[in-house]
1. Name the residues in region 46-69 that are polar (S, T, N, Q) and out of contact with any Asp or Glu (no Cβ under 6 Å at 6 or more places or on another chain), would you?
2. Among what's in region 163-182 and is within 16 Å of the ligand (Cβ to nearest atom) and more than 19 Å from the chain's Cα centre (by Cα), pick the residue that is surrounded by the fewest Cβ atoms within 10 Å (Cβ to Cβ).
3. Is it the case that region 110-121 has a residue that's within 11 Å of the ligand (Cβ to nearest atom), buried (at least 24 other Cβ atoms within 10 Å of the Cβ) and not β-branched (Val, Ile, Thr)?
4. Do you know which residues across region 181-222 are of a type in the set (Asp, Glu) and touching a Gly at 6+ places or on another chain (Cβ under 6 Å)?
5. Select from region 129-162 the residues that are in contact (Cβ under 8 Å) with a residue 12 or more places away in the chain, within 8 Å of the ligand (Cβ to nearest atom) and loosely packed, with under 15 Cβ neighbours inside 10 Å and list them in ascending order.
6. Just give me the residues in region 218-228 being under 13 Å from Val148 (Cβ atoms), surrounded by 14 or more Cβ atoms within 10 Å (Cβ to Cβ) and not basic (Lys, Arg), in sequence order.
7. Name the residue, out of Glu242, Glu215, that is outside the structural domain of Gly85 (by TED's automatic domain parsing), within 15 Å of the ligand (Cβ to nearest atom) and acidic (Asp, Glu).
8. Quick one: is Ile361 aliphatic (A, V, I, L, M), within 16 Å of the ligand (Cβ to nearest atom) and surrounded by fewer than 17 Cβ atoms within 10 Å (Cβ to Cβ)?
Amino acid sequence: MDFRWTEEQELLIQSLEELLQREAPETLMAELDARHEFPFKPWQALADNGILALGIPEEYGGVPADITTLTLVCETLGKYALPLGIIYSLGIITIRDIIQFGSEEIKAKVLGGFVRGDLPVALGITEPQAGSDAAAMKATAQIDGDDVIFNGQKMYCTLAKIAKYILLMTRDAQGTNPYASISMWLLPTDTPGLRFNILNKVGWWTVPTYEVFIENARVPRKNLVGQFNSGWPQLMANFEIERLALCAASVGAAEAALEDSLSYANRRVQFGNPIGSYQAVQHILTDMAIKNENMRNYIYKVAWMMDQGQSVRHEHAMCKLYVARAACEVTDSAVQIMGGLGYMMDHRVQRLWRDIRLMRIGGGTDEIMYNIAGPQLLKHARKS
Ligand SMILES: Cc1cc2nc3c(=O)[nH]c(=O)nc-3n(C[C@H](O)[C@H](O)[C@H](O)COP(=O)(O)OP(=O)(O)OC[C@H]3O[C@@H](n4cnc5c(N)ncnc54)[C@H](O)[C@@H]3O)c2cc1C
């Protein structure tokens, strides 16, 4: 077993850390958060410095990168500028779906733009009546000659209005099997017939999320991504890596929360001593450090398994369940260690705490992770 990173990974992460400290300092991220503004300049800096090219095929301007390396990138983004980690993680699923299933024309249009700094393609799965039960979606795609016409409503569609495209999931009204009548499309967000309503969230203030109303939105039929009515298995193909990426960004945030807590515990004096000298505080800090170590080990193991081509069907769900909860606990502990200051809007731990809470819901809730992992564990036990 070798826990070391490669020399290339060491260099990459070191240069990314320097880049983030320069282009996405905490003061800027705090200001953007307060103003609910998307981090356009830091995102462009990631593109300008080759970070967005990682894992994209070379013919579209990309650079080969394995999943472990992408995981390290997400973790680092999460630590220095969590919104960038969130945006990058959301993009991983749509961009990989396009790499894997998109036509040459779609790939040329989307991937080169992403490498140069376009926002990720937004993902349009969830609808008001179809959340955890995503296959209950009702948005339709009706073929009309060389075109297709979309109707329906998407819910919680992050980045939808500011991205160039939505990867839209629709149902074939004729299909009887809910999983075998879903298709995936590339929908330009300037298509007539789209209306966006921004949602007011507890966290993720720099990463906007929308309700999208779709009324007779017409695009060429060649905007189909992959095969007609194969959208569900196509979508599932990259969910595991999206969840891993969200976990990695969460681990980064938990590391930032621990750093802030350690520094504060050494500085803050009460009853004549730094609060870190009290064992009760040391215990909280030690528990935070153990959770961070466990989370990190878990994401690296899942990334390594994926790089080896191994199935992570239940591991990725257990990892998401564990990491999302542990990261919430660590950021909550950071608020506790900082006392009243932790609850004030001018320190970042409140932001980490608010932003991380979504990780137990987005990308599949805790309960759905149990539902994925449990049956798989039982199935494995029956086989062995
Ligand atoms: C900020 C934000 C950003 C998002 N971004 C996107 C995006 O970009 N694209 C997109 O398509 N979606 C997005 N989502 C949607 C997200 O994936 C869903 O919110 C999530 O899957 C849960 O669906 P729901 O909110 O409808 O909750 P529900 O499915 O209604 O669940 C409510 C509760 O019931 C539980 N539950 C449901 N079914 C079961 C079951 N069978 N067993 C046990 N418990 C169950 C859930 O775990 C949860 O606790 C986003 C959501 C948020 C809040």
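1. Asn49, Thr69
2. Once the filter is applied, the top-ranked residue is Tyr179.
3. So far as region 110-121 goes, yes, one or more of its residues are within 11 Å of the ligand (Cβ to nearest atom), buried (at least 24 other Cβ atoms within 10 Å of the Cβ) and not β-branched (Val, Ile, Thr).
4. Passing the criteria: only Glu215.
5. Listed by number, the list holds a single entry, Ser132.
6. Hits for region 218-228 are Val219, Asn223, Leu224, Val225, Phe228.
7. Glu242
8. Values: aliphatic (A, V, I, L, M): yes; within 16 Å of the ligand (Cβ to nearest atom): yes; surrounded by fewer than 17 Cβ atoms within 10 Å (Cβ to Cβ): yes.
When the stated conditions are applied, Ile361 passes them.
The values are calculated or read from the model by the stated rules, or taken from the named source; none is laboratory data. This one's a predicted model, so the numbers in the text were calculated from it and none came from an experiment. All Cβ positions, even for glycine, are placed from backbone atoms using ideal geometry, and neighbour counts span all protein chains on display.
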